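Have a look at the structure below before the remarks.
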Protein chains: 2
Amino acid sequence: MGKTLEYPKESANTINRYKERGKYDLQTIHQLINTSPVLHVSFANDTDEDGFPALLPMIGQMGSFAYPSAGIDEPLDLYLHGYVSSRIMNLARKKQGEGEVTSNEASGMAVSIAATKVDGLVLSLTPNSHSYNYRSAVVHGYACLVSDPEEKIYAMRLITDSVLDNRWANTRTPPDKSEMSSTSILRVRVVNASAKVRAGAPHDDRKDTERADLVDSVWTGVVPVYERLGDPVPSLDNRVDEVPGYIRQYVERVNRLNEDYAMSVTRDK
Amino acid sequence: MGKTLEYPKESANTINRYKERGKYDLQTIHQLINTSPVLHVSFANDTDEDGFPALLPMIGQMGSFAYPSAGIDEPLDLYLHGYVSSRIMNLARKKQGEGEVTSNEASGMAVSIAATKVDGLVLSLTPNSHSYNYRSAVVHGYACLVSDPEEKIYAMRLITDSVLDNRWANTRTPPDKSEMSSTSILRVRVVNASAKVRAGAPHDDRKDTERADLVDSVWTGVVPVYERLGDPVPSLDNRVDEVPGYIRQYVERVNRLNEDYAMSVTRDK
């Protein structure tokens, strides 16, 4: 039995409201990041004078180039993928020193990264006690551009296989020279992180549950919510007659996992 | 025929990469916000010395208290809902001047707000041309706490009905004194916004489409992705035998809309 690793609780990541929903273990947080098709990434926007942080949807995955066999509950970096001259990549490059390739982690760009899943509509007697079942993770770390081509390919494979398991091995690889130079990868060294999870039935105050007129007229319960993958639709140029097994299996597996989780939290344990 | 209103293109919100995917019309942006169960909200975090912007999932809706009949394509504010002493509400209160109620919009807190939907996995011949079908909106604006109780109730109703249509009218309302004081509402005056939409089939470069070995072996197409609402699960305390019509109809309508959209963008128009 190994021990459960947790991120340190610092002022930036400690959950204060609904403390009991707070989670700090690596497994919960990494799993949320790795099963979210889209992450939201935020950073201070140097060029904007109005004070709005930059905020954008990106694709990313947790992994370890140094220890590729590391488990989901072990220390991992967060890899983000983007176009070479996008704002975030330009800014990261600027921070690392114009034109200069550096592996100095301390010089990275501070980023906040969120992954959120809605698992159910929690319908109670009165609007104030309505809620969602949800799982959310927020990660803070320092982002640096990856310069080692091998690490870049490691991250590209990780990210491609997060779109669909085993997709990398079933497509034309490796990336050619122009593909390598048009894509940038950021490696985020995570310094702290937290998750928040709400699961279970609605809960009302006694002032409402004691009113028979309310309890007899207001339906209470949970409407499960989950992301679903539909049947694959071939492109007009596709010449492979049957949908390959690794695609069908992925669709089935993800659909089962997503629906099962949402259903499992409709009632209190 | 009215004219199509658009947000101004400023440096903070102009789409530079894949320009043709950029959208600035109010309708597209407002609709994305209003049909996303969760938004991501980012703002500069005064108390954090490490430079990480605050980033959190919140529930919000576009609406107009001054012109409640305004259409989705007309100027609207964004209302966000939270606990009275959460960090974002405390910060907004501080910005408005301790204890002082002000309606001076200029003194609001700068916030960035994102809504993103993944509509499909776009599977092409090579990892570099893989993509998602997606719709994302980012809104920049200044947030102030709502002090007028009528506006607060207007926003609470808007937000409750965004969880499930007509839920407000079918629950115990209005909020009582302690509910009114434990809930805060932020009104965000939007100054600029943009959306980005990717729809359609995968597209590969000629260098790959000309290779028969690839085209004959790699399945290409789109796996539709959409959020699904499951069958409502009554709580153990529920005493209303049948799931009410407004709940059943909402579940059916949202499921139809979500699936239809994801399917409609699996092929190019």
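When the helices in chain B are scored as -39500 (n - 2.57) per DSSP H run of 4 or longer and the sum is shared across all residues, what 222 nm value do you end up with, to the nearest 500 deg cm²/dmol? If you can, show how the numbers build up before the last one.
On the way: 7 runs with 67 residues, N = 269.
The helix-only estimate for chain B comes to -7000 deg cm²/dmol at 222 nm.
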- [ ] Hey, can you grab everything whose amide H is under 5 Å from the amide H of A:ASN133? Only 5+ residues off in sequence or another chain; H modelled, so Pro and N-termini drop out.
- [x] A:ASP119, A:GLY120, A:LEU121, A:VAL122
Task: Position A:TYR83, label points 7 Å along Cα→Cβ, spacing to each other copy in nm (shortest first, one decimal) - done: 4.1
TODO: Let me know the number of lysine pairs in the range A:19-219 closer than 27 Å at the Cα, not counting same-chain pairs under 8 apart.
DONE: 11
Task: Karplus-derived HN-Hα couplings along the range A:261-269 (A = 6.51, B = -1.76, C = 1.60, θ = phi - 60°), whole Hz, x at Gly and Pro - done: 5, 4, 5, 5, 10, 6, 10, 6, 6
- [ ] Tell me the distances, shortest first, between A:TYR246 and the same position across the other copies, using label points 7 Å along Cα→Cβ, in nm to one decimal.
- [x] 5.0
Task: Per-residue ³J(HN,Hα) for the range A:217-232, Karplus 6.51 cos²θ - 1.76 cosθ + 1.60, θ = phi - 60°, Hz, x for Gly and Pro - done: 10, 9, 6, 10, x, 10, 9, x, 10, 7, 7, 10, 9, x, 5, x
Open item on the list: Please compute the average number of Cβ atoms from other chains found within 10 Å of each residue's Cβ in peptide A:108-116.
Closed with: 4
TODO: Using per-residue counts of other Cβ atoms within 10 Å, averaged over each peptide, order B:49-60, B:122-133 from highest down.
DONE: B:122-133, B:49-60
Open item on the list: Measuring nothing but label to label, 7 Å from Cα along Cα→Cβ, what are B:GLY71's distances to the other copies in nm, shortest first?
Closed with: 5.7
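Only Cα pairs under 8 Å and at least 6 apart count here; give the relative contact order of chain A as a rounded whole percent. Before the final figure, lay out each step's value.
Working: 473 pairs, mean separation 60.6, N = 269.
Reported relative contact order: 23 percent.
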- [ ] Tabulate in residue order the Karplus-calculated ³J(HN,Hα) for the range A:140-151, using 6.51 cos²θ - 1.76 cosθ + 1.60 with θ = phi - 60°, rounded to whole Hz; enter x for Gly and Pro.
- [x] 10, x, 10, 9, 10, 5, 7, 10, 5, x, 5, 5
Open item on the list: Using a 10 Å cut-off around each Cβ of peptide A:126-139, what is the average number of partner chain Cβ atoms that fall inside?
Closed with: 5
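Take every residue in peptide B:204-217, count the Cβ atoms of other chains within 10 Å of its Cβ, and give the average of those counts.
Working: counts 3, 3, 0, 3, 3, 1, 0, 1, 1, 1, 3, 4, 2, 6.
For peptide B:204-217, the averaged partner shielding equals 2.
Bear in mind that the values in this text are calculations on the coordinates, not laboratory data. It should be emphasised that the depicted structure is a prediction, and the values quoted were computed from it without experimental measurement. Here the Cβ is made from the backbone with ideal geometry for all residues, glycine too, and neighbour counts use every protein chain on show.
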